[in-house]
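S.K.: Structure below; questions to follow.
The values are calculated or read from the model by the stated rules, or taken from the named source; none is laboratory data. Given the structure is predicted, the values throughout are model-derived calculations rather than measurements. Glycine gets a Cβ as well: all are built from the backbone with ideal geometry, and neighbour counts include every protein chain shown. Accessible surface is based on the protein model in full, side chains and every heavy atom, while ligands, DNA and RNA are left aside. Shrake-Rupley method; radii C 1.70, N 1.55, O 1.52, S 1.80 Å.
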Amino acid sequence: MSSQDIPEENLPAEQDHAHGAVGVADEENPFADPGLPPHEHRIQDIDERAARRSERMVALLFTVSMLATIGFIVSYLVIPNDKSIFVFPIGHISAMNFALGLTLGVALFCIGAGAVHWARTLMSDVEVADERHAIAASPEVRAKVHADFKLGAKESALGRRKLIRNTMFGALALVPLSGVMLLGGLGPAPGTKLRHTMWAKGKRLVNMNTNEPLRPEDVAVGSLTFAMPDGLEETQEDFQNEIAKAALMIVRLQPNNIKDKRELDWSHEGIVAFSKICTHVGCPISLYEQQTHHVLCPCHQSTFDLSDGARVIFGPAGHALPQLRIGVDSEGYLQALGDFEEPVGPAFWERG
């Protein structure tokens, strides 16, 4: 139904909007303003029943958004992390991820669709063209802006269409809860587990290449050996997490070349054990120069002096590599005499 089919007396009164001056193209102004086409009223402008239908549709969309948000929260709390479902044509996917994506998508889509439907069917659709003006607004312009704002608020029918208003506020109030729930997906707080490793008193040092316990005679002067705690196997589910904290590099120095007293006390016959994890961003250190006793991190070239407490002599690393106190057990194998005294890897206050 168009405005031509409605008696003139039933049509709403036109607002007095400025449409800009209509011009005629000439040589001096080839792009004259053609003006705006005649305004045609929508069915909702002339039939309150149609307006009510649009109002109910908008309210329905906002209500579906609220239900979808509640579904998002329930899915997050109820569906197990390891449950999978088959979705054609995607295949097997995480049931939780599918439910969270679907419900959040519906919640956001319905808010947007409701807002668009509201604007297209119930808010004023009269086109308004304003002439350009100086940036500094005059009192008259400010007064006009305030008047236009009040007019827009009135034409939006937000005060009169209470069903739309209440359901919109409900949808907008609930959908942020989805983001709050996602904070739980960051996982449990680390607690103090990043402060400790698998090293403990009596744990033997195992060669990472041969998986055999190390004896002092297995470590030659000037050599670099990588070790891990006895009992840690690559087949274990938490192997990567544990080796990222417990990986060792072992170097044998001449005792008279060790400058740091604590390093000498914590060594065994010149064999020193330091964390392999760089204290800059946690890269594994693997480059050793036996004449200078320096080790280099390949990521950002942080350099540590293993003859002087593994202190930083170059690069962005913030502190020395942690040292592990070692000795030998009754069978002559190298063993740890405790855990590291400080967390391995980057700065302490970032480690939980």
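S.K.: Anyone know which of Val145, Val58, Val281 comes out most mobile in the 10 Å Cα GNM of the chain?
M.R.: Val145
S.K.: Turning to a different aspect of this structure: Hey, got the dipole for region 212-352? About the Cα centre, +1 on K and R Cβ, -1 on D and E Cβ, debye to the nearest 20?
M.R.: Charge dipole of region 212-352: 640 debye, to the nearest 20.
S.K.: Rounded to the nearest 0.05, what FRET efficiency do His196 and Phe169 have when you use their Cβ-Cβ distance and R0 = 45 Å?
M.R.: FRET efficiency, His196 to Phe169: 0.35.
S.K.: Determine the dipole magnitude for the chain: charges of +1 sit on the beta-carbon of Lys and Arg, -1 on that of Asp and Glu, nothing else is charged, the reference point is the Cα centre, and the result goes in debye to the nearest 20.
M.R.: Taking the Cα centre of the chain as origin, the dipole is about 1400 debye.
S.K.: Between Asn29 and Gln301, what's the calculated FRET efficiency when r is the beta-carbon distance and R0 is 56 Å? Round to 0.05.
M.R.: 0.25
S.K.: Work out the length of the dipole vector of region 112-233 about its Cα centre, built from +1 on the beta-carbon of each Lys and Arg and -1 on the beta-carbon of each Asp and Glu, and round it to the nearest 20 debye.
M.R.: 700
S.K.: 222 nm [θ] for the chain, helices only, -39500 (n - 2.57) per DSSP H run of 4+, per residue, to 500?
M.R.: It comes out at -10500 deg cm²/dmol, rounded to the nearest 500.
S.K.: Could you check the spin-label model distance between Leu177 and Asn81? Points 7 Å from the Cα along Cα→Cβ, value in nm.
M.R.: Label at Leu177, label at Asn81, 2.4 nm between them.
S.K.: List the cysteines in the chain whose Cβ has no other cysteine Cβ under 4.7 Å from it.
M.R.: Here Cys110 come out as lacking a disulfide-compatible partner, given the Cβ-Cβ threshold of under 4.7 Å.
S.K.: Kindly point out which whole DSSP H helices in the chain project their C-alpha atoms 15 angstrom or further along the helix axis while averaging a Kyte-Doolittle hydropathy of 1.0 or above.
M.R.: The qualifying helices are 95-121.
S.K.: Now, a different point. GluC sites (Glu not before Pro), restricted to region 101-206: which are DSSP loop and have at most 14 other Cβ atoms within 10 Å?
M.R.: The qualifying sites are Glu127, Glu131.
S.K.: When the C-alpha atoms of region 53-174 are aligned to their principal axes, what extent does each axis show, in angstrom, from largest down?
M.R.: Extents along the principal axes, in whole Å: 64, 33, 25.
S.K.: With the dipole of the chain worked out from charges on the C-beta (+1 for Lys and Arg, -1 for Asp and Glu) around the Cα centre, which of His41, Gly332, Pro216 lies farthest toward the positive end?
M.R.: So the residue we want is Gly332.
S.K.: Okay, next question. With a point put 7 Å past each Cα toward its Cβ, work out how far Leu287 is from Leu60 in nm, to one decimal.
M.R.: Distance between label points: 6.7 nm.
S.K.: How far apart, in nm, are two points set 7 Å out from the Cα along the Cα-to-Cβ line at Arg120 and at Leu151?
M.R.: 2.5
S.K.: Please report the relative contact order for region 196-336, taking Cα pairs under 8 Å with a sequence separation of at least 6, and give it as a percent rounded to a whole number.
M.R.: 24
S.K.: Follow-up question, since we're still on this one. If I take every Cα pair under 8 Å that is 6 or more residues apart in the chain, average their sequence separation and divide by the length, what percent do I get for the relative contact order?
M.R.: 13
S.K.: Using DSSP to call loops (not H, G, I, E or B), can you name the GluC sites (Glu not before Pro) in region 246-352 whose Cβ has at most 16 other Cβ atoms within 10 angstrom?
M.R.: When the GluC sites (Glu not before Pro) of region 246-352 are filtered for loop state and at most 16 Cβ neighbours within 10 Å, Glu269, Glu331, Glu341 remain.
S.K.: Say the dipole of the chain comes from +1 at the beta carbon of Lys and Arg and -1 at that of Asp and Glu; which of Ile111, Cys299, Asn256 then lies farthest toward its positive end?
M.R.: Comparing the listed Cα positions along the dipole, Asn256 ranks first.
S.K.: Which trypsin sites (Lys or Arg not before Pro) in region 35-111 pass both tests, a DSSP loop state and at most 14 other beta-carbon atoms within 10 Å?
M.R.: Counting only loop positions with at most 14 other Cβ atoms within 10 Å, the trypsin sites (Lys or Arg not before Pro) in region 35-111 are Lys83.
S.K.: Enter the Cα centre distance for the pair region 149-180 and region 66-125, rounded to the nearest angstrom.
M.R.: Rounded to whole Å, the Cα centres lie 20 Å apart.
S.K.: Counting only C-alpha contacts under 8 Å and six or more residues apart, can you give the relative contact order of region 278-348 as a whole percent?
M.R.: Rounded, it is 27 percent for region 278-348.
S.K.: Which value, in Å² rounded to 10, gives the accessible area of Asp260 with a 1.4 Å probe and all protein chains present?
M.R.: 50
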